[in-house]
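Here's the structure we're looking at; comments come further down.
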Amino acid sequence: MEEPRIGVYVCHCGTNIAGTVDVEEVAKYAETLPHVVVARHYPYTCSDPGQELIKKDIKELGVNRVVVASCSPRLHEKTFQGVLREAGLNPYLFQMANIREQCSWLHEPGPELTEKAKRMVGAAVNRVSRHVPLEMRAVPIFPATLVVGGGIAGMQAALEIANSNHMVYIVEREPSIGGHMAQFDKTFPTLDCAACILTPRMTEVSRHPFIRILTYSEVVAISGYVGNFKIKIRRKPRYVDEGKCIGCLVCQEKCPWTALSEFNAGTSKRKAIYTPFPQAVPNIPVIDAEHCAYFLKEKCRACEKFCDANAINFEQSELIFELEVGNIIIATGFDTFDASSIPQYGYGRYPNVFTSMEFERLCSPTGPTEGHIILADGRQPESVAIVHCVGSRDKNYNEYCSRVCCMHALKYSHLIKEKTNAAIYQMYIDMRCFGKGYEEFYNRISNEGVNFIRGKVAKVTDEAIAEEEKGKLIVLVEDTLLGTMLRVPVDMVILCIALEPRKDANEVARLFHLGRSADGFFLERHPKLDPVATMSEGILIAGCCQGPKDIPDSVAQASAAAARALAMIARGKIEVPAITAAIDETECSGCRICNLLCPYDAIFFDDEAKVSRINQVMCQGCGVCAAACPSGAITHNYFTVEEITAEIEGVLA
Amino acid sequence: MDVLSPYKEATDVILEAGGEPLKLCYQCGLCTGICPWNLVRSFLVRRIMHAAQLGAIDFGSEDIWTCVTCRACVQRCPRGVEIIDVMRALRRAVASMGIGVVPDALRISAKNIAGVGNPLGEAPEKRNDWAKDLKVKNFASGTEILYFPCCVPSYDPDVKTIARSTATIFNKLKIDYGLIGTEAKCCGESIRKAGHEDTFQSLAQNNINLFTSNGVKTVVVSSPHCYHTFKNEYPELGSKFEVIHTTQYLASLIEQGKLKLSKEINKKVIYSDPCYLGRHNSVYDEPRKVLQSIPGLELIEFPDAREEGLCCGGGGGRIWMDTPKGERFSDIRVEQAVAKGADIIALACPYCFLNYRDSVLSMGKAETMQVKDIAELVAEAI
């Protein structure tokens, strides 16, 4: 190895570092360290002139290793590695000392800061002299994409990608695509009918030559790595032959057995053989074995008798098959908050307390009342209370704001006004109408005549204490603007329930190696600068599985995820970091501890040689194996024992 | 228009005295909606929180002394604000800084507690007189259990029955227990909530030293207020003994088969959860288990029971202050019990006992509605 000639660049970061650290002294100190041929300080090392400075030193002074003492490597390691590459050096002959986050930002000002910065630079100098060149690796990309979830986000992402003539598979566990949006009546703030804008989308997806929809199916296993995922899919038996069924739905008509309709949020019944809603895609029914008399008691078979196409097949079994894809977009959506977990709001006890989802179905022409807003006894309500933040913004349930409830609450006001003469009371804590056209919508609905009461509802009760309360539901709330406790008697209460992570978010997270944020939703790589990527390369997230959002935001995020996948497809291959682990086979005892620990399934056991081997393409360089190996047979490149020891010695020097 | 001139010292005292979570309050008003005072009069908890946030509190207002510290609001506050701590801090500001007026009734009780160690102003040497004829030994090192009945059953002639019933049960079961010398003082729970922090500190130190020097390991208490402070507040001051409420102790004796209840009580009994046993310490099941073990007894529930249980009105020092007729929570409870067809209201707290007894008497219901501590019922059924 050639003699190290180290260049050290101490960054001022404006006043972020130079305000409290004597950068000049740090640079002077660096010059005294072994192998250092030049040490400079510069206001913004990451700027173009700053980068040029380094390049010039590499060319003119023969610098062959570089230390930059500045910010976090997460911010600019790639920037400076690029500088080395452009100047003809291997980018791994570089070391960063984070004297901003780990020094100047961290402590009270004082001379110790400069002292600490010197030690950190010393450590980096010590370590960089031990670095060896590492080579980046290129891996080809499989051009197909898997989209998990066929709601509005999943469909949007699928269309964006498929329109570039690349294959997309949509896996949807329900019998139809469409998701929650298919259940909505109108959409805020434009009040266009959800079905009118969604149904054409669903048709477009179903007819697209580059999209294959796999409904009633779930991902059961995933292996491989970015660009080369192998996906195992389980297709639940529909008991209806998709090739034969013509979608006449006579079976649904004739079936004598019923269950609560999931699509109508439990407000009505559906048959045991059913399509969830009239515009379902595909328009092929499924038999719900849990409610079908044939599966329960081995009789009936009415559907079979009436099916002219002979499409009913009680013998159908589940199908397991594999797909190969390069990218995965997770768009699994949300579940709604269980309103009965706040017993004082009376949901489940009083028939005229509805959740927002139930009310959506009540308003819909395809819903249980054909769009008539009526009470449990069929009367039209004369007064309605709309309760905001049910299960949201509440430490006892979900701390976050669900972001859509203020707006759908306003929408409900309009729909109620349109269809009844009822007086409307909105019980809110804060009105959050922040999207495009939302404040204007708030304005419009206010003008239609709605009573806004600022306060969180304490209780909904049917215990009347005054004549005008008899037969009503009474909503107890402090009007915090008046400073008065109110009892508001109404006929109907609508609870605007929180959007929550899917009940099985944990299993899905484990399956796809996703992180979850404190609120339980899937964790994005960066909340501002990278909201669609995850910590797993090649796995992207979109829509409400990442956090509550409205339709415009879901669609935007889905398009962003699609763009990210398309960029990778267009590149055809990806470079993966050169940092991997390697096993010294002469030292390996074959204990296989590393096999079990590897989170990327990159280590396999060679049965003949009786040693473990690392797949260098799959290895992500996390280092778990190296730390765990009892024989010390595994070297974690770039983090070798020698390098780390040298770094520690530098700190202690 | 008012000029906002925050009383900075007041805000500091509030924040220092545990009002820190106050900053989180987002003024939704849920506390007001839940507060039982609004069943009988207006009491805007939320507004007090806001005034406290701004340091614009009217320290002369009677609102400072209204909160019964029942914890109904804290239990459901969406931001987890320790509203009771804020109320206590406001009271502390008045009591220690003299920037307002401590209500007369409370001042007298505070003076008694500070002077003779009990709110009733009785002589300390009479503390154990209730047990004179019951042959209860004095606690000595090695005695298994210390029984600490609370000042009210120790001195109040009408409430002594709680302590006497408990001792009777213990005697019959030959439990190794004793009473501590008359140097014992009020536990201090309520006077602390009423803002008299210094008094509390000296009471607690006295009791901790007394218990420690006598080698006390386990204390059985009749009052949920003693229970609360012994269990949750004394350990911060160095106490190390275990605390058990009588209902918990009786339930465990029943479970172990040591306590067998054979005499029938053929009555409908309704149990009222004490706030400091229930919401403050999540003890809901043991009192019910004990009642259900009494043969013939039919246990019924209030419309708002357990977590939703209505306070008797006696917490936070309110037990020493007069609440006008028409605003007494225990009156509402007695009406509910009558409506439910109960014969007996069963209790597990001396403060509840005082309030319910007064309600039954003042409402003219004493003939048809009995008020009994669970210990009394057990003593009858044994």
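Just so you know, all these numbers are worked out from the coordinates, no wet-lab data involved. Here the structure is a predicted model, which is why all the values come from computation and not from measurement. Using ideal geometry, Cβ is built from the backbone for each residue, glycine included, and neighbour counts are taken over all protein chains shown.
If amide hydrogens are placed 1.01 Å from N in the peptide plane, which non-local residues have theirs closer than 5 Å to the one on A:Ile330?
Distant-sequence amide H within range of A:Ile330: A:Val148, A:Leu540, A:Ile541, A:Ala542.
Averaged over A:473-484, how many beta carbons belonging to a partner chain fall within 10 Å of each residue's beta carbon?
Taking all residues of A:473-484 together, the mean is 4.
Please give the Cα centre distance for the range A:594-628 versus the range A:421-463, rounded to the nearest Å.
58
If you take the square roots of the eigenvalues of the alpha-carbon gyration tensor of the range B:242-382 and sort them as a ≥ b ≥ c, do you get rounded (a/c under 1.5), prolate (a/b over b/c) or oblate?
oblate
Just check the range A:338-500 against the gyration tensor rule for me: Cα atoms, a ≥ b ≥ c as the square roots of the eigenvalues, rounded for a/c under 1.5, and otherwise prolate or oblate depending on whether a/b exceeds b/c.
rounded
Report for the protein assembly as shown the percent antiparallel among DSSP-assigned beta bridges with both residues inside it, nearest 5.
Expressed as a percentage, antiparallel bridges in the protein assembly as shown total about 40.
Quick check: Cα centre of the range B:157-233 to Cα centre of the range B:309-359, how many Å?
23
How would you rank A:His208, A:His180, going from fewest to most other Cβ atoms within 10 Å of each one's own Cβ?
Ranking A:His208, A:His180 by Cβ neighbours within 10 Å, fewest first, gives A:His208, A:His180.
For A:Lys269, what residues show an amide H to amide H distance below 5 Å, using hydrogens built from the backbone and excluding near sequence neighbours?
Answer set, sorted by chain and number: A:Ser261.
What is the magnitude of the charge dipole of the range B:8-97 about its Cα centre, with +1 placed on the Cβ of each Lys and Arg, -1 on the Cβ of each Asp and Glu, and no other charges, expressed in debye to the nearest 20?
Computed about the Cα centre, the dipole is about 320 debye.
With each run of n ≥ 4 DSSP H residues scored as -39500 (n - 2.57), what mean residue ellipticity at 222 nm is computed for the protein assembly as shown after dividing by its residue count and rounding to the nearest 500 deg cm²/dmol? Write down the numbers at each step before the final one.
Working: 33 runs with 328 residues, N = 1035.
One gets -9500 deg cm²/dmol as the mean residue ellipticity at 222 nm.
Would you mind checking the pairs A:Lys236/A:Lys271; B:Lys231/B:Lys258; A:Lys186/A:Lys549; A:Lys459/B:Lys289; A:Lys297/A:Lys503; A:Lys456/B:Lys23 and listing those with alpha carbons more than 20 angstrom apart?
B:Lys231/B:Lys258; A:Lys459/B:Lys289; A:Lys297/A:Lys503
I'd like to know how the range B:338-382 sits against the 2.2 N^0.38 Å rule of thumb: what's its Cα Rg over that expected value?
Expressed relative to 2.2 N^0.38 Å, the Cα Rg reads 1.14.
In nm², what is the average projected area of the convex hull enclosing the Cα atoms of the range A:250-306?
That works out to 3.8 nm², a quarter of the Cα hull's surface.
Angle between the Cα long axis of helix A:194-207 and the longest principal axis of chain A, 0 to 90 degrees, nearest 10?
Approximately 60 degrees, to the nearest 10.
Could you tell me whether the range A:304-358 comes out rounded, prolate or oblate from its Cα gyration tensor? Rule is a ≥ b ≥ c as square roots of the eigenvalues, rounded for a/c under 1.5, then prolate if a/b exceeds b/c, otherwise oblate.
Oblate.
Considering Cα pairs under 8 angstrom that are at least six residues apart, work out the relative contact order of the range A:581-636 and quote it in whole percent.
After rounding, I find 46 percent.
How big is the protein assembly as shown by Rg and Dmax over its Cα atoms, in Å?
36.2, 107
Could you tell me which of B:Gly98, B:Ser109, B:Gly121 has its Cα farthest along the dipole of the range B:81-131 towards the positive end, charges placed at Cβ (Lys, Arg +1; Asp, Glu -1), taken about the Cα centre?
After comparing all options, I get B:Gly98.
Dipole magnitude of chain A about its Cα centre, charges +1 at Lys/Arg Cβ and -1 at Asp/Glu Cβ only, in debye to the nearest 20?
That gives a dipole near 920 debye.
Name every cysteine in chain B that ends up alone, with no second cysteine's Cβ under 4.7 Å, or say none.
Among the cysteines of chain B, those whose Cβ sits 4.7 Å or more from every other are B:Cys25, B:Cys28, B:Cys35, B:Cys67, B:Cys77, B:Cys150, B:Cys151, B:Cys186.
Across the Cα atoms of the range B:8-97, what radius of gyration and what greatest pairwise Cα-Cα distance (Dmax) are found, in Å?
In order Rg, Dmax, the Cα atoms of the range B:8-97 give 11.8, 34 Å.
Using the Cα centre of the range A:581-636 as the reference point, and only Cβ charges (+1 on K/R, -1 on D/E), how large is the resulting charge dipole? Debye, rounded to the nearest 20. Mind showing how you got there, number by number?
Values: 3 positive and 7 negative charges, 33 e Å.
Taking the Cα centre of the range A:581-636 as origin, the dipole is about 160 debye.
When you look at the Cβ of every residue in A:534-541, what mean number of other chain Cβ atoms sits within 10 Å?
The per-residue average across the peptide is 0.
Please report, to one decimal in angstroms, the Kirkwood hydrodynamic radius of the range A:191-345 built from all distinct Cα-Cα pairs. Present the calculation step by step, with values, prior to reporting the outcome.
Numbers: mean 1/r = 0.0552 Å⁻¹.
When all Cα pairs of the range A:191-345 are included, the Kirkwood radius is 18.1 Å.
How high is the relative contact order of chain A, given as a whole-number percent (alpha carbon pairs under 8 Å, six or more residues apart)?
Computed over chain A, the figure is 14 percent.
Can you list, bin by bin at 10 Å, the percent of alpha carbon pairs in the range A:1-142, starting at 0?
Distribution as computed: 13, 45, 31, 9, 2, 0 percent.
Tell me, what is the percent relative contact order of the range A:338-500, built from C-alpha pairs under 8 Å that lie six or more residues apart?
Taking the mean separation of contacting Cα pairs over the length of the range A:338-500, I get 29 percent.
Collect residues whose amide H, placed 1.01 Å from N in the peptide plane, falls under 5 Å from the amide H of A:His41; neighbours closer than 5 in sequence don't count.
Excluding prolines and chain starts, which carry no amide H, the hits are A:Val10.
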